[in-house]
Each structure stands twice: as C-alpha cells, then as structure tokens.
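Nothing in this text is a laboratory measurement; each read-out follows from the coordinates by a stated rule. On a predicted model such as this, the values are computed, not experimentally measured, just so you know. For neighbour counting, all protein chains shown are included, and Cβ atoms are generated from backbone atoms with ideal geometry for every residue, glycine included.
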Amino acid sequence: MEKIKIEYLPDNKIIEADPDQTILQISLKHHIPHTHVCFGEAQCSTCRVEVLEGIENLPPRNSLEEVMAKKKGWNERIRLACQTIPRGNIKIRRLIIDDFDAQIAQLEHSEYPQGVLEEVVILFLDIKDFTSFSERELPYDVVFALNRYYNRIGDIILAFDGYLDKYIGDSIMAIFGIKKNKSTLEFCIDSIYCALKILEITKEFNQYLKENFNEMFEVRIGIAYGKAVLGMIGHRKKAQYTAIGKVVNLASRLERANKKTGTSILISDSLYQLLKNKIKIQKSFKLKLKGFSAIQIAYAIVDLEESEKEKREKVYQEIQISTGQLQKQEYNETNQNIQREVQENENLLVSPNALKLDVDKQHSQILFQISHLTSIITGIVKDFESEIYMDLEDFTNSKIKLTIPVKAITTFIDARDQHLYSPDFFDAENFPNIIFISNEILPVEQNQYTIYGNLFIRGVSKKINLFLQKKSEEIDPYQNKKICFNGYTTINRLDFNINFNIPLQNNKFLIGNELKILFEFQCIIP
C-alpha cells in the first residue's frame, strides 16, 4: 500500500503513514502532541486542524464532523483530525497547541456560529443621567428598578430573536441576525420595531418610577448594520458570546450622538439604505464620530411603515398571550396540586382531647431574617391565619396550621416589599399564600419539641422541622387564660425556587440563601 505524507505545522515535521487512518491516529502513532480532549469522539473540537495544502485529498465531512462544523461556523479548510482520513499528501497546521489552548477551545461551544464574520444589526441603549438616579436613591432600590426595567425591555428583544449580549451598568448591547432564521430585511426591521417598542415600554415604566421614586428614565438608542466577528470571547472561565468590529463601535457612537442631536433613536446609513421604504425618519445628520475618519450619516427614526408595524404588533401580542396562557396553565396546575397536598395534610386526625386555640395577634409575631451584603435584613408578618388544636394532656397530639398572605410580609421599605412580592421572589400574584401544616410533634426536653410538617411556598412543598418551646400557662390582665410558644426554623430559599440574586466580587452574592424564621405566639385557652 502506497504511503501518504503529512506535513505538520507548527511542528515542522513530515510524517509518512498508511492512508487508512485518521489524521489524529497518525499524529499519535508518530508522537505528534496532538490535543484530543474527548479521545476522538468528535465532541470537543480540540483536535481540529487547518488544511494548508492538499484539501482535494480529503473526503467530505462525515455526519459527526458536519454537526461540529455547523455549530462552530468553520470554513472548508478546518477539519476534525479525529474524523478525517486523508487519501493523499496534505499539509496541516494544528490549531490547539497545548493544554491551555484546549481549555479555551472547550469553552467555545455555543448554539451560535463560532469565529465567523456575519452581517448583523447592533443595538446600543443607554439610560440618560442614570448616575444621578443611582446617587439619589437607596442602593437596593437602584438595583431593583434597573432589573425590573431590563426585564421589560429584554422581553421584547428576545421575542424578536434578538440576542442580549451584555449589560454595562445602565447600558445594553443587543444583536439581531445571529440565528439566521430570518432574511436580512426581516431582522433589520425587527431591530427598529424593538427600539420603538422600548420607547413605549419606557414611557409606561416611568409611571411606576414616578409613583415609587418620583424619578423618570429617558433612553438613547443607536442602531447600526454591518459585518461583525461573532464568537465566544473572554477569559476561559467567563467567556461570553459577543460581536466585535466596526459596526459595534458605530452603534455605540450613534447612541451617544443622540445627546448632541436631541433625538432618541439614531440609525446608521447602512441600515437606512436597506430600510428606507419601510421606515419613517424625522431628520438626517452628518456626524463626526470618535474613531471614524469619515463623516457618518445618521437618521432619526420616528416610526415603521404601517404594514410592517402591524405585522410585528400581531406577533408581539400573540407571544404575550401565549406566554401568559402557558404561565396561567402552569400556575393553575401547580396550585391544584398544592391544594390537594394541603387537603391531604389537613385530613390527618386531630386528637379528640385537643382544644382549638385562638391566637392573640396583637401580642404574637412572626419574623424572618436574611443576610444582605454584610448586614441582616429583618421583616415581619403583619397578619396571618392560624388553626391550632392543642392537646393539653399530651402536646405531641396537637395539630398546627398557619396561613401567611405573602403581601402581609413587610421589610418596612415599600420598594423592597414590592420586589419580594414579584416573580423574582414570592410571586404573590400567582402564589398568594405561604402555608405550614404540622404532621408530627416529638418531644426533645421538658416543654421543648421538634415539629415536623410541610411548608408550601411559591407552589413548592417541602418537609421541614422547627424547634418549639412551650411556656407555662398564664392569666393576662383581662383574665384570659393563655399559653405561650416561641420557636424558630431555618430554610433554604433555593429549595422553593426563590433564586433571584446579584453576583458580587470574589464569587459572592448580594443576598443569602438561608432564611431564619422566628415566631412568638400567645394563645387563648377557651
């Protein structure tokens, strides 16, 4: 069998081999340090090579290699060494040279094309004078308001296949056209629609800001169309899919130019030339932008052509309705399951000797504590419902059910409370109550007990245990015979799908996960 020759770079070696082996097999046999993290299973791409000469001597990609090539956006000269069997002489360059390269290569995996030059639309958004807002308001309120706003405008960008690239303080960068599921004209129009919709959303959001903070947001948007390099960029432990190139800089400069032109949305000339029959402009500007030697023409957008606008309004409404219906169906199913489980727990037998106790709410309280940075946030429950059946002879035969309306919880700061009620935390609209039902009480020491039961929060049921101390019976000034209890428990909020947090430096987070609950009850014995 006639031998073939493979010339390796950067090794500067020429190897003779049989023509029935993969490039990777040949490399390893001849002690070429060819990286192959997945051991030749076409799963990691670390064995990839660039074919410099002799590409005609290679067979077409097999199915495994084709999947990887499409995922990463490779041209025909990039091949997987573990899947390619050369039929003649070739000259190749190993692209992953060492273990450090291999670590980086393994982080390149993305659902989007990797290391490609594509035509896209870049949208930059910035909130005007946000620094002043952040200096006037409490830090917690600043973060909450910004996240609330980002979620609103992020929804519209995602609804039209935009990619939320990055958040830079009070700025957002989004990319349209990555998915390649629409024509260039369509995703360009989508970007304009989203920008205009963001202005509408901002106007609506300002009602909330006015009521809660006496503040208003004003945004500036720059949009540019052109070619950008797309791929995973950054440190191997925190790489992010992003776009690089002149078009990114142009969108950013146009956003800033709104301040000079007194406009809200400026688009590039390249985008205008594509869409001039689909958009309505207010005015054009000749701008000298930093980083660009030539004068840039920009256009202030005021609206979309009516038919294009109506088409996207229908899509947006359908998405809103569909999302709402699906969520409502999921919430209904979850609540039905919870109701069944609550009923099953309630059906546990109560001792015939048990007396129903009324809780003196004016002299009872439920508190909670959670860490926030280096301090502790304390909240209280303003109101709750209770069903306590106590066996005076044998407390272990007692039964307890507590129902806490989520909106009865307060931390004494309204904006923070509203955030607690939102879907980020308790989602009070869909899961209005927190419920605890005991199912077993065991003694620990004299007048001390462990109560086991089910806690229902945000549609999740978890078995927990709490410590309870029973005090002696007392007569209050109004001649009411009372028995007093106090106790506590600690739960992990993540167990109940309450996952919201904000990352800080050194792998720390703003809010702790452990929630301590404390209670003191004065109960009237009939």
Whole-Hz couplings from phi, Karplus 6.51/-1.76/1.60, listed for the stretch 301-316; x for Gly and Pro: 8, 10, 5, 9, 4, 4, 5, 5, 5, 4, 4, 6, 4, 5, 4, 4
If you average the sequence gap of Cα pairs under 8 Å that are 6 or more apart and divide by the length of the chain, what percent do you get for the contact order? 9 percent
In terms of the charge dipole of the chain, which places +1 on Lys and Arg and -1 on Asp and Glu at the beta carbon, the residue among 39, 229, 167 farthest towards the positive end is 229
In deg cm²/dmol, rounded to the nearest 500, the helical mean residue ellipticity at 222 nm of the chain, built from -39500 (n - 2.57) for every DSSP H run of length 4 or more, is -9500 deg cm²/dmol
Around residue 197, with a cut-off of 11 angstrom between Cβ atoms, what is the net charge of the other residues, counting Lys and Arg +1 and Asp and Glu -1? -1
Please report the net charge: other residues with Cβ closer than 13 Å to the Cβ of residue 313, K and R +1, D and E -1. -3
Separation between the residue 446 and residue 55 pseudo-spin-labels, each 7 Å from Cα along Cα→Cβ, expressed in nm? 9.0 nm
Volume per residue of the C-alpha convex hull in the chain, rounded to whole Å³: 226 Å³
Give me a comma-separated list of calculated 3J(HN,Hα) values for the stretch 415-431, in order, Karplus coefficients 6.51, -1.76, 1.60 applied at θ = phi - 60°, integers in Hz, x for any Gly or Pro. 4, 5, 4, 4, 5, 4, 6, 6, x, 4, 10, 7, 6, 4, 4, 9, 10
Length-normalised contact order of the stretch 348-524, Cα under 8 Å, at least 6 apart, in percent, tallies to 23 percent
In Hz, Karplus ³J(HN,Hα) per residue of the stretch 512-525 (6.51, -1.76, 1.60; θ = phi - 60°; x = Gly, Pro): x, 9, 7, 10, 9, 10, 10, 9, 9, 10, 10, 10, 8, 8
What is the packing order of peptides 135-145, 221-231, 54-64, 469-479, taking the mean over residues of other C-beta atoms within 10 Å and listing the highest first? 221-231, 135-145, 54-64, 469-479
For residue 116, the residues 5 or more places away or on another chain with a placed amide H closer than 5 Å to its own amide H are 230
Whole-Å distance linking the alpha carbon centroid of the stretch 252-288 with that of the stretch 487-526 is 49 Å
Note: residue 473 to residue 71 extended length (0.36 nm per residue) minus current alpha-carbon separation gives 137.5 nm
In the structure displayed, which of 238/290; 128/290; 179/283; 128/238; 210/361; 463/516 lie more than 26 Å apart, Cα to Cα? 238/290; 179/283; 128/238; 210/361
Partner aspartates and glutamates for residue 286 [C-alpha distance under 14 Å; skip if fewer than 8 residues away on the same chain]: 269
Suppose each label sits 7 Å from its Cα in the direction of the beta carbon; what would the residue 465-residue 413 distance come out to in nanometres? 3.6 nm
Theoretical FRET efficiency, 1/(1+(r/R0)^6), r = Cβ-Cβ of residue 117 and residue 138, R0 60 Å, to 0.05: 0.85
Pulled fully out, how much extra length does the chain show between residue 269 and residue 155, if you take 0.36 nm times their separation in residues and subtract their Cα-Cα distance? 38.3 nm
Among the aspartates and glutamates, select those whose C-alpha is under 17 Å from the C-alpha of residue 180, and discard any that sit fewer than 8 residues away in the same chain. 111, 118, 119, 161, 165, 190
Which listed pairs, of 260/288; 203/278; 182/278; 72/227; 3/70; 399/482, have C-alpha distances above 21 Å, in listed order: 203/278; 3/70
